[in-house]
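Novice: There's a structure below that I have some questions on.
Bear in mind that the values in this text are calculations on the coordinates, not laboratory data. For clarity, every value in this text was computed on a predicted model and none was experimentally measured. With ideal geometry, Cβ positions are generated from the backbone for all residues, glycine too; neighbour counts draw on all protein chains shown.
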Amino acid sequence: MRKTVIVTGAASGIGLACTKLLHERGAKVVAFDPQFEKLNQNIPSSDNISKYKGDVTSENDCIDVIHHTTTHFGSLDGLIHCGAAHSSLRWNELEPEEMNRILNINVTGTFQIARAAANEMTKSEKGSIVLTTSASILFGVTGGNGQGGPAYASSKGGVLALTRCLARSLGPKGIRVNAVSPGITNTPMIAHYTEEKKQTMKERFPLGRFAEPKEIAEGALFLISDAASFMTGENMHINGGSNFGS
Ligand SMILES: NC(=O)c1ccc[n+]([C@@H]2O[C@H](COP(=O)([O-])OP(=O)(O)OC[C@H]3O[C@@H](n4cnc5c(N)ncnc54)[C@H](O)[C@@H]3O)[C@@H](O)[C@H]2O)c1
């Protein structure tokens with residue numbers, strides 16, 4: 001893939017899998033994450049990968065990483081935004097401050113990084129943006145036992161609405177905006193699920209297991225690629241059939 005792509009949340013889980021797969025397939029990658037040490041530990045050094053310590057809640061970081069990318073690699077073709085915060089608090093445990101913190105990272109942060117990328121892409125009138133939502137918005141989640149709760153699911157619902165709004169605004173400028181919607185995926189984000197919860201969830205999935213990060217990355221790479229050139233405003237479900245569960 002001859003493209004330059006920024007991946008956020010690149011130090012871990014799905015973002016890390018996207019970074020590795022893009023690199024394997026010949027892309028140039030700017031790996032963005034607030035956890036710089038983890039970026040260094042998990043991602044090998046390569047002329048085609050540049051690591052950037054950044055946080056999507058900082059508008060400065062979002063604007064600066066675009067400048068960093070075009071200076072380093074000469075262009076920006078794609079953004080895969082995986083960085084996010086999880087919250088498993090139940091409705092009666094969740095304080096408004098915590099709700100706002102999650103919405104700030106997951107919705108406002110998504111808006112800031114997507115807008116910064118779109119501002120650059122409008123110069124060449126082409127580009128592709130992939131945001132990350134979650135299967136939890138399909139059936140609602142209670143929180144507890146380590147699983148996502150109302151703050152997390154609400155934030156991911158916001159990301160889906162944002163995907164569609166941006167797709168409408170940016171389509172005429174040659175920029176596609178889509179989302180991937182993972183089901184439960186084996187990453188540090190689900191580390192706090194209890195064994196009992198994991199077992200119950202797996203039973204709901206026709207495929208009987210959780211996703212591996214690479215299986216979600218494959219979907220994101222397809223959406224970023226020219227093979228998806230007529231897709232925009234879509235939400236690609238990759239969830240082992242969990243939305244058909246009881
Ligand atoms: N793992 C799952 O079961 C699952 C299910 C549905 C959706 N998702 C979504 O997939 C995406 C990737 O999740 P994951 O499972 O790989 O999680 P993860 O916890 O393994 O990785 C998340 C990464 O995001 C980074 N991050 C956190 N706050 C950030 C910020 N403010 N700015 C930039 N980066 C930040 C973290 O440092 C971390 O490296 C997330 O958007 C998540 O909500 C995950």
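Novice: Looking at segment 30-53, I want the residues that are in contact (Cβ under 8 Å) with a residue 24 or more places away in the chain and under 19 Å from Arg2 (Cα atoms) and have a partner that is more than 10 Å from the ligand (Cβ to nearest atom) and among the basic types (Lys, Arg) with Cβ atoms under 7 Å, at least 6 apart or on another chain. Which pairs are those?
Specialist: Ala31/Lys51; Asn48/Lys28
Novice: Quick check on my filter: what residues within segment 2-32 are in contact with a helix residue (DSSP H, G or I) (Cβ under 8 Å, 6 or more places away or on another chain) and on the phi > 0 side of the Ramachandran plot?
Specialist: Residues satisfying the conditions are Gly9, Gly13.
Novice: Where in segment 123-237 are the helices (runs of 4 or more DSSP H), entirely inside, with at least 3 residues that are closer than 18 Å to Gln112 by Cα and either within 11 Å of the ligand (Cβ to nearest atom) or under 14 Å from the mean Cα position of the chain (by Cα) (or both)?
Specialist: 150-170
Novice: Now for a separate question. Examine segment 55-70 for a residue that is within 10 Å of the ligand (Cβ to nearest atom), charged (D, E, K, R) and under 24 Å from Val180 (Cα atoms), and state whether such a residue exists.
Specialist: Yes, segment 55-70 has at least one match.
Novice: Further question: Filtering segment 33-52 down to residues that are in contact with a helix residue (DSSP H, G or I) (Cβ under 8 Å, 6 or more places away or on another chain) and of a type outside the set (Gly, Ala, Ser), which residue is nearest to the ligand (Cβ to nearest atom)?
Specialist: That would be Asp33.
Novice: Out of the residues in segment 182-211 that are without any contact (Cβ under 8 Å) to a residue 60 or more places away in the chain and closer than 18 Å to Thr19 by Cα, which is surrounded by the fewest Cβ atoms within 10 Å (Cβ to Cβ)?
Specialist: Filtering first and then ranking leaves Asn186.
Novice: Another question about this same structure. How many of the residues making up segment 93-122 are of a type outside the set (A, V, I, L, M), out of contact with any strand residue (DSSP E or B) (no Cβ under 8 Å at 6 or more places or on another chain) and closer than 15 Å to Asp64 by Cβ?
Specialist: Of the residues in segment 93-122, 4 are of a type outside the set (A, V, I, L, M), out of contact with any strand residue (DSSP E or B) (no Cβ under 8 Å at 6 or more places or on another chain) and closer than 15 Å to Asp64 by Cβ.
Novice: Has segment 116-134 got any residue that is surrounded by fewer than 19 Cβ atoms within 10 Å (Cβ to Cβ), at positive phi and out of contact with any Phe, Trp or Tyr (no Cβ under 6 Å at 6 or more places or on another chain)?
Specialist: yes
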